[in-house]
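Let me begin by presenting the structure, written as structure tokens, before commenting on it.
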Amino acid sequence: MPKRIPTGRVFQKTYPDRRGRNRRTATFYLKYYVRGKAIELSSGTTDYDEAMATLRQKMAEAARQGEHTDHPERVRMNQLFDLLVDDYRYKNRKSTYDTELRVNRHLRPFFGDIKAQVIGTSKLREYVAHRRRQKDEPATINKELSFVRRAMKLGAQHDPPLVFRVPHFEMLPVDNAREGVLEHEAYAAVRDALPPYARIALVIGYHTGARKGEIRSIRKDKINFNAGRIDLPGRTTKNGKPRYLPIYGDMKAELDMALAATAKSKCPLLIQHNEKPVYDRGRAKRERSHGNYGPQDPRGVRPLPHRERTPNETKRAEARRAPKSQGDCGRRGARRRGKSKTPRPLSPVESW
């Protein structure tokens with residue numbers, strides 16, 4: 001029986017195989033309703049619990065969209081948060097995924113059902129006190145307040161306007177400047193104890209102060225020893241503008257060693273391990289702490305955003321998983337002519 005929850009269900013489709021027998025798909029499908037219209041799509045997973053979680057998420061999104069209105073006195077913060085996430089996606093911001101996780105994890109539960117016109121100083125201070133009780137840092141709270149401010153400004157800029165007044169957002173003082181210094185002797189000791197892929201990353205970071213995301217994305221063909229620099233394309237930098245890192249000190253010798261060690265590798269990146277890119281597991285841990293909203297990447301690195309399969313992809317996947325009966329493999333032409341090389345097994349009546 002299909003698994004049901006109110007106004008939605010998780011089920012497996014049936015299809016006839018090549019022998020005419022009914023089979024069930026390994027992939028679970030979802031069905032729910034938006035404004036009375038049935039929506040049916042693939043969950044993209046063979047795990048029932050993951051499919052059920054996806055269904056609940058889809059139904060929650062549908063419920064929020066059903067509450068959208070053009071009357072400013074009725075607009076709730078959930079609608080403005082949807083505007084914020086859509087704006088990030090429209091501008092193809094690199095932080096879209098992280099922003100959506102933060103909004104869903106912290107801002108929607110507190111502000112989501114509140115009308116936008118009610119948001120003021122007292123409500124914002126209430127949120128700050130709530131986050132302080134959870135032992136969060138002032139910089140984190142300021143970041144979340146900036147998301148609320150941006151959402152309300154987008155509502156004010158919307159046509160027709162969804163917000164008539166954006167309140168003043170008073171940010172918390174932040175005093176988290178880094179004061180520690182890594183002395184050269186300690187740097188050398190740490191460098192010599194690291195594996196090759198981490199060693200070259202430390203050397204570049206120590207000499208240039210580049211972000212770890214920029215270091216992980218360095219390509220071997222972007223290292224120019226003649227010019228004495230490493231080129232960083234705009235797509236790999238935080239602000240989207242290309243720049244370069246200077247090569248000096250013991251960087252050249254370390255880069256020579258790293259390039260020689262990865263000369264036969266097909267991976268184009270400088271930072272690699274076993275001919276595969278090195279990923280940021282600390283980031284994956286933070287994302288899981290904000291909530292996992294998609295199937296887990298088999299590398300165990302980060303949750304992958306859910307993507308619905310196309311009909312052709314679904315058919316091919318189901319065909320690969322469907323059990324093959326005798327004579328079904330590589331004998332299509334022979335079967336069409338009625339000359340299958342493998343004889344059909346006799347039924348109990350025929351054998352008798």
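So the values come out like this:
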| read-out | value |
| --- | --- |
| Residue tally, condition in contact (Cβ under 8 Å) with a residue 12 or more places away in the chain, closer than 30 Å to residue 82 by Cβ and among the polar types (S, T, N, Q), over the stretch 153-205 | 0 |
| Helices (runs of 4 or more DSSP H) wholly inside the stretch 1-120 containing at least 1 residues that are outside the structural domain of residue 148 (by TED's automatic domain parsing), more than 30 Å from residue 149 (Cα to Cα) and not aliphatic (A, V, I, L, M) | 48-66 |
| Unique match (being charged (D, E, K, R), closer than 21 Å to residue 277 by Cβ and at pLDDT 90 or above) among 229, 235, 219, 243 | 219 |
| Which listed residue is of a type in the set (Ser, Thr, Tyr), in contact with a Lys or Arg (Cβ under 8 Å, 6 or more places away or on another chain) and either within 21 Å of residue 169 (Cα to Cα) or buried (at least 19 other Cβ atoms within 10 Å of the Cβ) (or both), from 121, 140 | 140 |
| Tally of residues being not in a helix (DSSP H, G or I) and not hydrophobic (A, V, I, L, M, F, W, C) across the stretch 126-167 | 10 |
| Unmet criterion (only one of (1) of a type in the set (Val, Ile, Thr); (2) within 30 Å of the chain's Cα centre (by Cα); (3) over 30 Å from residue 68 (Cβ atoms)) for residue 148 | (3) |
| Which numbered condition residue 78 fails, given (1) surrounded by 20 or more Cβ atoms within 10 Å (Cβ to Cβ); (2) under 26 Å from residue 133 (Cα atoms); (3) in contact (Cβ under 8 Å) with a residue 40 or more places away in the chain | (3) |
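The values are calculated or read from the model by the stated rules, or taken from the named source; none is laboratory data. Just so it is clear, the model here is predicted, and its values are computed rather than measured. For neighbour counting, all protein chains shown are included, and Cβ atoms are generated from backbone atoms with ideal geometry for every residue, glycine included.
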